[in-house]
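**Q** Have a look at this one.
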2 protein chains.
Amino acid sequence: MNSVNDFLSLDKQLCFAIYEASSQFTKLYTNVLHPFGITYPQYLVLLALWEKDGLSAKELGNRLNLGTGTLTPMIKRMEVNNWVKKERSTTDERRVSIFLQPKALREKDAINQSIAKAIDTCNIELKEYEALMKQLKMLREKLELRHEKA
Amino acid sequence: MNSVNDFLSLDKQLCFAIYEASSQFTKLYTNVLHPFGITYPQYLVLLALWEKDGLSAKELGNRLNLGTGTLTPMIKRMEVNNWVKKERSTTDERRVSIFLQPKALREKDAINQSIAKAIDTCNIELKEYEALMKQLKMLREKLELRHEKA
DNA sequence: TACAATTAAATCGTACACGATTAATTAAAT
DNA sequence: ATTTAATTAATCGTGTACGATTTAATTGTA
């Protein structure tokens, strides 16, 4: 096995390691969230709204790096399930603000405690956690920088 | 902002950092691969087959952590575009082996050079690269361990 | 004022991703 | 040998994801 093939090996590819980690997290969160009737991306929406309720679709999209092609139908599903409510702005009728519904406030603690408990069973050291966050931040900056150039 | 809300902040969540990194990689690879007429997940399939041609659908699924619900239609698309060919095993007619087509061998170098060039422009230090790989491996092991317990 | 450019959402088409079910084949057990 | 269990793919339904286009509302400017 020469060095070129070695570089090409799936196991050596950072993209794949991240792809795998992401899908593992998705599965973990999906399991935990299933009893509550929300999906992992929907949970990310709730996280954003718990931080700041009433964000517009656009702002939510910026926060989560998602376009309207993803968000619009997702919000619609969350609306049907009484997690959020959409409200057209009166001052600018293009804008749609998304507000948490009582259910989302009521379930907040239970959901987050379930998540915290599940994450806890993984025994991830605080040190590793922080190191990973720091390195992913660096990576993100480099990938973003490249995007702007292109 | 108290510590509970702090923990709940999107920016503090490892899952989100990885979710972001993954989608950034997807976008980067998508851009590079688009001229060749393949998607990022399809490229991962090619990577696996370049390493070992003739894998069965099941083996490919294990390698990439994908089920048949994802792979079957994806392989079908790759077959239509002449990247791979499916062959039913004669000894065990349940098994379907997937073989690279000439196109996939012909384009291999060009594709990988394009990817390498794009990654290169990100200026990711070898040190960071390796550190991230190592930590993601540790994380994967912990997440996998948890899966088995559940 | 009028009208062009910009902005915000919604819509559309394609492609993953996954759990659950089904269908066909092989292996195992009595 | 027959039945049962296990294995492998395919199929189905739901839910992201994303680029491109469309629609509606607002802003900028001639």
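The values are calculated or read from the model by the stated rules, or taken from the named source; none is laboratory data. In this text the structure is predicted, and so the values were computed from the model without any measurement. We place every Cβ from the backbone using ideal geometry, glycine too, and count neighbours over all the protein chains shown. Remember, those area values only see protein heavy atoms, side chains included, never the ligands or the DNA or RNA. Shrake-Rupley method; radii C 1.70, N 1.55, O 1.52, S 1.80 Å.
**Q** Can you name the number of the only condition in (1) open to solvent by less than 40 Å² (accessible area, probe 1.4 Å); (2) touching a residue at least 24 places away in the same chain (Cβ under 8 Å) that residue B:44 fails?
**A** Residue B:44 satisfies all of (1) open to solvent by less than 40 Å² (accessible area, probe 1.4 Å); (2) touching a residue at least 24 places away in the same chain (Cβ under 8 Å) except (2).
**Q** Would you confirm whether any residue within segment B:42-49 is more than 9 Å from chain A (Cβ to nearest Cβ) and over 30 Å from residue A:144 (Cβ atoms)?
**A** Among the residues of segment B:42-49, at least one is more than 9 Å from chain A (Cβ to nearest Cβ) and over 30 Å from residue A:144 (Cβ atoms), which makes the answer yes.
**Q** Report every pair of residues separated by at least 6 positions or lying on different chains whose Cβ atoms are under 9 Å apart, first residue within segment B:23-37 and within 13 Å of residue B:121 (Cβ to Cβ), second charged (D, E, K, R) and more than 8 Å from DNA strand D (Cβ to nearest atom).
**A** Hits for this filter: B:28/A:146; B:32/B:117.
**Q** Given the condition more than 9 Å from DNA strand C (Cβ to nearest atom), within 9 Å of chain B (Cβ to nearest Cβ), over 15 Å from the mean Cα position of the chain (by Cα) and of a type in the set (Lys, Arg), answer yes or no: does some residue in segment A:55-78 qualify?
**A** No: zero hits.
**Q** Considering only segment A:18-31, I want to know if a residue exists there that is assigned to a helix (DSSP H, G or I), open to solvent by less than 20 Å² (accessible area, probe 1.4 Å), within 13 Å of chain B (Cβ to nearest Cβ) and near DNA strand D (Cβ under 9 Å from one of its atoms).
**A** yes
**Q** I would also like to ask the following. Please count how many residues of segment B:119-132 are open to solvent by less than 100 Å² (accessible area, probe 1.4 Å), assigned to a helix (DSSP H, G or I) and of a type outside the set (Val, Ile, Thr).
**A** Final tally of qualifying residues: 4.
**Q** Output the residues belonging to segment B:44-63 that are in contact with a Lys or Arg (Cβ under 7 Å, 6 or more places away or on another chain) and more than 11 Å from DNA strand D (Cβ to nearest atom).
**A** The answer is B:48, B:50.
**Q** At the interface with another protein chain (Cβ under 8 Å from one of its Cβ atoms) and either among the charged types (D, E, K, R) or touching a residue at least 40 places away in the same chain (Cβ under 8 Å) (or both): does that describe residue A:142?
**A** So residue A:142 fits the description; yes.
**Q** Oh, and also: What is the number of the single condition among (1) away from DNA strand C (no atom under 14 Å from the Cβ); (2) within 13 Å of chain A (Cβ to nearest Cβ); (3) among the polar types (S, T, N, Q) that residue B:101 does not meet?
**A** Unmet for residue B:101, out of (1) away from DNA strand C (no atom under 14 Å from the Cβ); (2) within 13 Å of chain A (Cβ to nearest Cβ); (3) among the polar types (S, T, N, Q): (2).
**Q** Please count how many residues of segment A:72-85 are touching a residue at least 24 places away in the same chain (Cβ under 8 Å) and of a type in the set (Lys, Arg). Please lay out each step first, then the result.
**A** Initial filter on segment A:72-85 (touching a residue at least 24 places away in the same chain (Cβ under 8 Å)): A:74-75, A:77-78, A:81, A:83-84.
Filter again for of a type in the set (Lys, Arg), leaving A:77.
Number of matching residues: 1.
**Q** Looking only at residues that are open to solvent by less than 40 Å² (accessible area, probe 1.4 Å) and assigned to a strand (DSSP E or B) in segment A:61-118, which one is farthest from residue B:9 (Cα to Cα)?
**A** This residue is A:96.
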